[in-house]
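Comments concern the structure below.
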Amino acid sequence: MSPKRDYDVLIAGAGMVGAGLAACLATGEVTRRLRIALVDPNPALPPLAGEPLDLRVSAVSRAGERLLRATGAWPLLEPRGPCAYERMVIWDGAAAPGGPDTLVFDAAEVGEPNLGHIVENRAIAAALVERAVAAGVTLVRGSVTALTLGRDVATATLAGREVPVGLVVAADGADSPLRRLAGLGGDLLAYPQEAIVCHLSAAQPHHGTAHQHFLDEGPLALLPLADGRVSMVWSTTPTAAEALVALDDAAFAQAVTRASDGVLGALAPTTPRLKFPLRRFNAATYSAARFALVGDAAHTVHPLAGQGVNQGFLDATALAAELGGALARGGDPGDPGPLGRYARARRADNALMGAALDGIYRAFTDARPAVMMGRRTALRLANHAGPLKQLLVSRALG
Ligand SMILES: Cc1cc2nc3c(=O)[nH]c(=O)nc-3n(C[C@H](O)[C@H](O)[C@H](O)COP(=O)(O)OP(=O)(O)OC[C@H]3O[C@@H](n4cnc5c(N)ncnc54)[C@H](O)[C@@H]3O)c2cc1C
């Protein structure tokens, strides 16, 4: 007789990835019959009409968009204006934007309507939670504080109560308390950089173009927002980040306009500036007995190509597919076979993405003249290499 379980699947963390997995499972053809709990001490609430755009936004690739559309979450985002970006312009150091060493990705060149959308993180998580709950997921406000993983049942402790479940999924972010409770480690690399994030007004229209300028100490990205502003992610040394955050608005406006080579005219901050540490991590394994990791709990990458949550959405889609397959064969969501297949496939893909982004990070922060010359040439060549560009764009689209 199978042991008593309160839920088939308990997902700890209702951020974008955990809520995405819950919505995928609850709306999936086979997985909709699972009893699912989505646990978070602080689940995202939908932004109110007219509420200013949140500071945290993400470049959502086609893979993310697919998940958001399949779960019915995409229409809920429309009032918050996902901003399609059709072009990406990348240049290096002292080279001029638009000059011969500029790499331009254009959606039209690869027959796509756009290269992705810039969307508010909070709106994404709230829309996915809303879809999950509408499809029958139980939302529990609380934290998982202890975990026992067994062959037949996993037990999660919630507000002092032991909850027996078939599978626990940790979607509890980069510091993942559950990953630690499960005793899973991994490779951690702290980049000697921090990212400063804020929204900026721009004197010139962005025309749906994302800009990225590789400076000596790290990249400055300007992502288009639907209201005409741009979202800035400026990765730099911790010392420089500290100084930039401490500047008054006028001095910061001058600094960021200069760092952007004036590509959008004068820039000025319209929000406070927040700093984030940057690190690369990949868990040694993404599964254990009746346990799986997804999203930042499993891996983090440098944000220079806006891939973190998109890789997490690919985890959610892959895990939901494996669980659906297991159920269709009469299995149980905690069976080791499908969990192991999920873990191997996604770990390898995330390792590849982490290594590629790490390579770009290293190439663009290397101040040796030969390397600097080499990367300019690489940008110029890549700009004229049609098949290579198509490959890069299709990988970035997910
Ligand atoms: C500066 C910056 C820019 C970025 N830009 C992009 C981008 O453009 N595109 C992109 O794809 N990615 C981007 N990323 C990465 C992206 O932000 C992350 O990959 C994403 O937020 C991870 O989502 P998550 O749901 O896995 O984790 P989180 O968003 O961290 O959510 C974890 C959730 O778990 C909950 N939780 C914690 N502990 C517990 C517990 N014990 N029990 C239950 N719940 C718990 C928390 O409350 C939280 O809601 C960027 C990252 C940074 C730092």
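The values are calculated or read from the model by the stated rules, or taken from the named source; none is laboratory data. Everything numeric in this text was worked out from a predicted model, so none of it was measured. For neighbour counting, all protein chains shown are included, and Cβ atoms are generated from backbone atoms with ideal geometry for every residue, glycine included.
Couple of notes before you dig in:
- Each residue in the stretch 20-41 was checked for being surrounded by fewer than 24 Cβ atoms within 10 Å (Cβ to Cβ) and either of a type in the set (Phe, Trp, Tyr) or touching a Phe, Trp or Tyr at 6+ places or on another chain (Cβ under 7 Å) (or both), and 2 pass.
- Matching entry among 138, 145 (being farther than 29 Å from residue 72 by Cβ and at pLDDT 95 or above): 145
- A count restricted to the stretch 48-73 and to residues that are in contact (Cβ under 8 Å) with a residue 40 or more places away in the chain and either within 16 Å of the ligand (Cβ to nearest atom) or of a type in the set (Asp, Glu) (or both) stands at 18.
- Within the stretch 194-240, the set of residues being within 11 Å of the ligand (Cβ to nearest atom) and either touching a His at 6+ places or on another chain (Cβ under 6 Å) or not in a strand (DSSP E or B) (or both) comprises just one member, 231.
- Exclusive hit being more than 27 Å from residue 321 (Cα to Cα), assigned by TED's automatic domain parsing to the domain that holds residue 222 and touching a Lys or Arg at 6+ places or on another chain (Cβ under 8 Å), set 73, 95, 84: 95
- Residue match in the stretch 260-267 (condition: touching a Phe, Trp or Tyr at 6+ places or on another chain (Cβ under 8 Å), away from the ligand (no atom under 16 Å from the Cβ) and touching a residue at least 40 places away in the same chain (Cβ under 8 Å)): yes
- Considering only residues in the stretch 145-173 that are within 13 Å of the ligand (Cβ to nearest atom), more than 16 Å from the chain's Cα centre (by Cα) and crowded, with 24+ Cβ neighbours inside 10 Å, the one that is farthest from residue 33 (Cα to Cα) turns out to be 156.
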